[in-house]
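The values are calculated or read from the model by the stated rules, or taken from the named source; none is laboratory data. A quick note: this is a predicted structure, and the numbers were derived from the prediction, not measured. All Cβ positions, even for glycine, are placed from backbone atoms using ideal geometry, and neighbour counts span all protein chains on display. For the accessible areas, the whole protein counts, side chains as well, though only heavy atoms, and no ligand, DNA or RNA atoms are used. Shrake-Rupley method; radii C 1.70, N 1.55, O 1.52, S 1.80 Å.
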Amino acid sequence: MSGERNTRGESQITTDTDTIRNWGETHEVVPVRYEEGGETRMAFVRESDVETHHDRLDWTEFETGMDEHDMVAVRHDDTDEMEIVDRNEVVGHAAITDEDVEERLLEGETVRSEFTERSVVERTIVEEVTVESEVTDREMIESDTVDAELISREVEDCEVTNVDMTDTGIEALNTFGTGTRSEVACDVEVTVDEAWTVTKENVERVTIDSRIVETDVEETDTLESDTIRETVDLEGVERTVLQGELVDSKHAADRAIEHGHVESRFRDDDTIETHLIRSQVIEEDVSIRRMVSGEVRDAETLSSETISHMAVESDIVEPAEYDRDLAIEREAAGMDERATTAETVEADETMTAGEASIPSEDDEGKTVVNASGDEIGMVAAVDDGRMYVDPHPSITDRIRTALGWTDHDDEDTYPVENDHIARIEEDEVVLGVDRQG
């Protein structure tokens, strides 16, 4: 069904602010401003019909806007509709002279004019629209790292440079023992590979362009007029766009549209431009390679091994020069030997450590040997727990010195201190001195 309609009726035209405000209060409408086709437009709408793309104006702002854009208010008597139109457009329709309308409007009068408006009506019922959408712009507003978890850390390479080569001389001998600690300065560079899981919260402004590429028309009842803009449900397009990869669920899309968080408009080329701000929690796997460097000074000797042994000088020296040192070493060696003997005896349930080194009369006549098994003499007597030995003529002066026998008055028998006795066995007494004393 189609047709051409001629309408003829009276309308009131005015720029008087008091009159316009009175019309608005009478018809319960409010002034709004919005953008369409790249132009700023104004209109009267009911309070309940104010949409997200409308900028609600108070009457003072409305009056200023009318003056800036050279517009007038028109009220149609037959429908009680009100509209804000360009002054030149009204003059073109009014059935009075241009000069008369201009002069009366400038003076703030309300012009009552009978005019003829010719319009062709078109009504198209669209059952389905195919829309192609793409993200055309993304602007990061804010990005915060909210969590980070270390997954792995591996040493890829280690390089030691600038090792301290200072010669510490004989002082270094103190560091040869296993477990000893010392200072050896050097620079260390370690390459480390790390794997992390990082959680970020990103807030970005997204612009989406949607183009209608196909419409499935159920019914057309017109000749011409309404453009594609009147046949498309912007909210439907917004829902279709949001339910792609922009939000997680239909509920999230409906909530965003309901609260006015999405703004859409037609551009001059009939492209639907949608703006929104999206918040996303992103989990990223991150690989990092680090160079860890620093100075190391603390050193611990793990092991010490003689690689080669070679005599670089040899000589025979006077024994007396070393008698005192040798006596101290022999005494220390005897103490170590006695300690070992004591441990052995302690393991034997039939004998205690004290019994193994304290002589008795039962030991008289036993052979006395050194730690090396060489015969030193024979036990001549035991008096009050002290052993006296008849020395073998072949014993060395060093052994005599170690046992304190160099200046004794009685040359037949010599006393042996108990701490020189390593152990007393069934047929012999073993001293804690060796062939060298």
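Given the conditions (1) touching a Lys or Arg at 6+ places or on another chain (Cβ under 6 Å); (2) at pLDDT below 70; (3) at positive phi, which single one is not true for D70?
(2)
Does L242 fit the bill of being open to solvent by less than 50 Å² (accessible area, probe 1.4 Å) and of a type in the set (A, V, I, L, M)? Outline the logic, then answer.
Numbers: open to solvent by less than 50 Å² (accessible area, probe 1.4 Å): yes; of a type in the set (A, V, I, L, M): yes.
When the stated conditions are applied, L242 passes them.
If a residue has to be in contact (Cβ under 8 Å) with a residue 24 or more places away in the chain and either exposed (fewer than 11 other Cβ atoms within 10 Å of the Cβ) or assigned to a loop (DSSP other than H, G, I, E, B) (or both) to count, how many in the stretch 372-394 make the cut?
3
Of the conditions (1) modelled with pLDDT of 80 or more; (2) open to solvent by 30 Å² or more (accessible area, probe 1.4 Å), V29 fails just one. Which one is it?
Unmet for V29, out of (1) modelled with pLDDT of 80 or more; (2) open to solvent by 30 Å² or more (accessible area, probe 1.4 Å): (2).
Return a yes/no flag: does the stretch 201-216 have any residue that is at pLDDT below 75, under 16 Å from E132 (Cα atoms) and outside any strand (DSSP E or B).
The answer is no, given that none of the residues of the stretch 201-216 is at pLDDT below 75, under 16 Å from E132 (Cα atoms) and outside any strand (DSSP E or B).
Looking only at residues that are of a type in the set (K, R) and either under 42 Å from the mean Cα position of the chain (by Cα) or surrounded by 16 or more Cβ atoms within 10 Å (Cβ to Cβ) (or both) in the stretch 264-279, which one is nearest to D137 (Cα to Cα)? Steps first, answer last, please.
Taking the stretch 264-279 and keeping what is of a type in the set (K, R), we get 265, 267, 278.
Now drop any that are not either under 42 Å from the mean Cα position of the chain (by Cα) or surrounded by 16 or more Cβ atoms within 10 Å (Cβ to Cβ) (or both), which leaves 265, 278.
Working: R265: 16, R278: 13 Å.
Out of the qualifying residues, it is R278.
Would you point out which residue out of T199, T175, T168 is under 30 Å from E283 (Cβ atoms), out of contact with any His (no Cβ under 8 Å at 6 or more places or on another chain), surrounded by 13 or more Cβ atoms within 10 Å (Cβ to Cβ) and of a type in the set (S, T, N, Q)?
Details: T175 fails: under 30 Å from E283 (Cβ atoms); T168 fails: under 30 Å from E283 (Cβ atoms).
Testing whether each residue is under 30 Å from E283 (Cβ atoms), out of contact with any His (no Cβ under 8 Å at 6 or more places or on another chain), surrounded by 13 or more Cβ atoms within 10 Å (Cβ to Cβ) and of a type in the set (S, T, N, Q) leaves just T199.
Of all residues being at pLDDT below 80 and under 60 Å from the mean Cα position of the chain (by Cα) in the stretch 305-322, which is most open to solvent (accessible area, probe 1.4 Å)? Just the residue, please.
My answer is H309.
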